[in-house]
Amino acid sequence: MDKNNDALVEKVLNEMMKKGISVKGEDQSKSSGGLQMNDFLNSTSAVPELVGTRKIGDTIGMCIPSVDSLLLDQLHVTKRYSVLGVLSARSGAGPHIMAMDEAVKATNTEVIDIELPRDTKGGAGHGSLILIGGYDPSDVRSAINVALDTLSTTFGDVYNSAAGHLELQFTARAAGACHAAFGAPEGKAYGLICGAPAGIGVVMADTAIKTASVNVLSFASPAHGTSFSNEGMVHISGDSGAVRQAVKAGREVGLKLLGDMGEKPVNDFPSYIK
Amino acid sequence: MDKNNDALVEKVLNEMMKKGISVKGEDQSKSSGGLQMNDFLNSTSAVPELVGTRKIGDTIGMCIPSVDSLLLDQLHVTKRYSVLGVLSARSGAGPHIMAMDEAVKATNTEVIDIELPRDTKGGAGHGSLILIGGYDPSDVRSAINVALDTLSTTFGDVYNSAAGHLELQFTARAAGACHAAFGAPEGKAYGLICGAPAGIGVVMADTAIKTASVNVLSFASPAHGTSFSNEGMVHISGDSGAVRQAVKAGREVGLKLLGDMGEKPVNDFPSYIK
Amino acid sequence: MDKNNDALVEKVLNEMMKKGISVKGEDQSKSSGGLQMNDFLNSTSAVPELVGTRKIGDTIGMCIPSVDSLLLDQLHVTKRYSVLGVLSARSGAGPHIMAMDEAVKATNTEVIDIELPRDTKGGAGHGSLILIGGYDPSDVRSAINVALDTLSTTFGDVYNSAAGHLELQFTARAAGACHAAFGAPEGKAYGLICGAPAGIGVVMADTAIKTASVNVLSFASPAHGTSFSNEGMVHISGDSGAVRQAVKAGREVGLKLLGDMGEKPVNDFPSYIK
């Protein structure tokens, strides 16, 4: 085939894009490519509440400097604050909760609501809605910014394939977000080991727990502790080294099992659990 | 490129269609284009229960003239009727409930069940199953027809983008469907302000409530008052002018925020809230 | 158009595949084509727990020969066994439950947990997580293998279209899986009649029950007895001939109604209910 034909192929592909033909694989890589993390952070937005957006997970962060008290009455928050921070995403619960855990550690803010929609745009997992409260809008905006910037780390051990996904999380010192969402004891190491479809998570959990001496906080599955997501997920706590070792063992067996269902699972950002 | 190549491009596209390659953008516009609202209403269907179908939301309307009493025992209806009307859709809860609200106003029928599946075919929201009861099959068929025909109005303020969606609804006089689904006081103006991902709905609600003096009936979010959809949604009631003003203010901020997540959100039918 | 152009078309299609462009129709047929049922059963997998995988429904079967007791404490099982079998899928609840029903009949194993995620990768139904227990790993592996091999039968009366799906199941003698999942009396004939969107299931159920004298065990719908799936589903029991006749009548009206919503619904495997 000559150069003309290559141009023609290009033209057809362009034609397809114009006609809105679904370019799934591409979408996915774009939606999470690190280089494009900030490409639609619209700094000229006319909405004062906007803090920022990230393509990864279709995430938006906002701050309401003084929430209407009639609305506050109807929100399901654990504590009343008039300054609200909002982190909301179509895909990702663990990554957003872990990112917010770092954010509340770094700022004078508090997690007051975590809700997990059954989303991921046709995937097997959750999206997230996280509300934080603070006394000062600049604190809250700063916390939301920290969370948005931490997503490229906390998505590092999320592995996707056509058949399902895996998620691993680890922190040496859990704070308020991990405590509120997963019952993690604050100040201790915490790990999350999750596989989808859910059965993979069962085997990952078994392997992880056998690998190192950790406390098993709970096991979440489609009918217990999830919003009917297709995930099996163990929450562990304990000594930092042991938790990390367990998480890595779960990851290893999960990658093999999910790979056995078809293609190799891939992460969109560099793995952070080493 | 010459004419031959254009023909070739056409050929490739046809080949793709034959092979069943997903033509997403096209699907979507077809699925809701006003001109095609009636294009697969199958008037020669052999099923006597069929009233009609609409591509928008993948909606089907049916009437059972005399429901089997063993089945009626197992349905979760608020009142026993032997003549049942059924409105069922893959995408759309608000639009179908509002359309049914008009339908019960216009006919001698009553809403006896509203259930909201977590659907929308990979989107962030709900589908719907609405049952109505009546004394006469012609009344019930007529109500289902009114509802089907009203969808092109009630989908008018549903705005979609790749990142999420917005939904606005308004009626100057709420009836039985709005009451059953949202707790709206009958006979009063009612408004719905909804954004997805859910966090957008929080800010839309705050803006709307601050704009005009309205009663806040409730705020629904992924873990409260939805079926784990990724929506934030405020239900308001009160003076007709104030409710309308609040709905419009929520829409304005929602369109900006969702637009900040990528592409401009678009509605498939003309906006009806003016 | 000449042969060169055909080659070019082929090239474009290949280009698309490489770029990961979604080839939906093809995916679907591949994902369930009988000939390919075993094509990625990875016999060289390094994970000893793996029993096998099937593309249909993105299904994986595993066996844990000696589950960690800390994990077992957190699982929601009806009875403690140290040998666990796991059947897990992105799409399909009925097919997997019916397949497991055959498996426990054929082996010395027992169903100890059935959970239904709201999945199907953007479709209207459920995935599944089924745990079985046994005293011997070879029994459990054997049961999981029977279940995997039975899927090509139990998917035989699952019919899909862009608008929704239908599912019909029938057994002359229900066992533990049908009992645990649907309340079917063991040893008696059992039938499942399901349509999506849910309203189609209401009419299918009405038609089925009117056709033959059967016991109506329950009716499941988006808000009752499902995980917010968009399904209407009746569970029936009784005389084998009557149950079969009712299931077939439900199937007939369901195929027409779902067909009235657009394209003809198709099954990926031969129908087994005759």
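The values are calculated or read from the model by the stated rules, or taken from the named source; none is laboratory data. Everything numeric here is computed off the predicted structure, so don't read it as measured data. Reconstructed Cβ throughout: ideal geometry from the backbone, glycine too, with neighbour counts over all protein chains shown. Accessible surface areas use protein heavy atoms only, side chains included; no ligands, DNA or RNA. Shrake-Rupley method; radii C 1.70, N 1.55, O 1.52, S 1.80 Å.
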query: Among the residues of the range B:217-226, is any under 17 Å from the mean Cα position of the chain (by Cα) and not small (G, A, S)?
result: yes
query: Does any residue in the range A:76-96 that is within 17 Å of B:T226 (Cβ to Cβ) come within less than 6 Å, Cβ to Cβ, of a residue that is surrounded by fewer than 24 Cβ atoms within 10 Å (Cβ to Cβ) and of a type in the set (K, R) six or more places away or on a different chain, and which pairs are these?
result: A:R90/A:K121
- line: Among the residues of the range A:215-240, the number that are within 8 Å of chain C (Cβ to nearest Cβ), part of a strand (DSSP E or B), buried (at least 20 other Cβ atoms within 10 Å of the Cβ) and of a type in the set (S, T, Y) is 1
task: Pull up the range C:83-96, narrow it to residues that are over 13 Å from C:S138 (Cα atoms) and more than 9 Å from chain A (Cβ to nearest Cβ), then point me to the one that is surrounded by the fewest Cβ atoms within 10 Å (Cβ to Cβ).
output: C:G94
field: Residue that is within 19 Å of A:G164 (Cβ to Cβ), out of contact with any His (no Cβ under 8 Å at 6 or more places or on another chain) and modelled with pLDDT of 95 or more, where the choices are A:V253, A:V214
entry: A:V253
query: Hey, among B:A184, B:A249, B:A174, which residue is assigned to a helix (DSSP H, G or I) and farther than 25 Å from A:G125 by Cα?
result: B:A249
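In the range B:103-116, what residues are open to solvent by less than 30 Å² (accessible area, probe 1.4 Å) and assigned to a loop (DSSP other than H, G, I, E, B)?
Residue satisfying the conditions is B:T107 alone.
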Tally, over the range C:184-214, of residues that are small (G, A, S) and open to solvent by 10 Å² or more (accessible area, probe 1.4 Å): 3
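Take the residues in the range B:165-183 that are closer than 26 Å to A:I114 by Cβ and touching a Ser or Thr at 6+ places or on another chain (Cβ under 9 Å); name whichever of them is most open to solvent (accessible area, probe 1.4 Å).
Filtering the range B:165-183 for residues closer than 26 Å to A:I114 by Cβ gives B:165-167, B:182-183.
Checking which are touching a Ser or Thr at 6+ places or on another chain (Cβ under 9 Å) leaves us with B:165, B:182-183.
Numbers: B:H165: 22, B:F182: 26, B:G183: 43 Å².
If we take residues in the range B:165-183 being closer than 26 Å to A:I114 by Cβ and touching a Ser or Thr at 6+ places or on another chain (Cβ under 9 Å), then B:G183 is most open to solvent (accessible area, probe 1.4 Å).
Scanning the range A:200-214 for residues that are at the interface with chain C (Cβ under 7 Å from one of its Cβ atoms) and of a type in the set (A, V, I, L, M), which turns out nearest to C:T120 (Cα to Cα)? Quick ask: steps written out before the conclusion?
Going residue by residue through the range A:200-214, those that are at the interface with chain C (Cβ under 7 Å from one of its Cβ atoms) are A:200, A:202-203, A:205-206, A:209-210.
Adding the requirement that they be of a type in the set (A, V, I, L, M) leaves A:200, A:202-203, A:205, A:209.
On the way: A:I200: 17, A:V202: 20, A:V203: 22, A:A205: 24, A:I209: 30 Å.
The residue in question is A:I200.
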task: Please give the number of the condition B:V140 fails out of (1) over 16 Å from the mean Cα position of the chain (by Cα); (2) away from every other protein chain (no Cβ under 14 Å).
output: (2)
- line: Counting only residues in the range B:253-274 that are open to solvent by 50 Å² or more (accessible area, probe 1.4 Å) and touching a Ser or Thr at 6+ places or on another chain (Cβ under 8 Å), the one farthest from B:A172 (Cα to Cα) is identified as B:E263
message: So A:K210 ticks every box in (1) over 22 Å from the mean Cα position of the chain (by Cα); (2) in a loop (DSSP other than H, G, I, E, B); (3) among the basic types (K, R) but one. Which box is left unticked?
response: (2)
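Residues are listed down the side, and each one gets a yes or a no for (1) assigned to a strand (DSSP E or B); (2) surrounded by fewer than 24 Cβ atoms within 10 Å (Cβ to Cβ); (3) more than 7 Å from every other protein chain (Cβ to nearest Cβ); (4) at pLDDT below 95:
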position: A:D39; (1), (2), (3), (4): no, yes, yes, yes
position: A:V51; (1), (2), (3), (4): yes, yes, yes, no
position: A:H76; (1), (2), (3), (4): no, yes, no, no
position: A:R118; (1), (2), (3), (4): no, no, no, no
position: A:G122; (1), (2), (3), (4): no, yes, no, no
position: A:I132; (1), (2), (3), (4): yes, no, yes, no
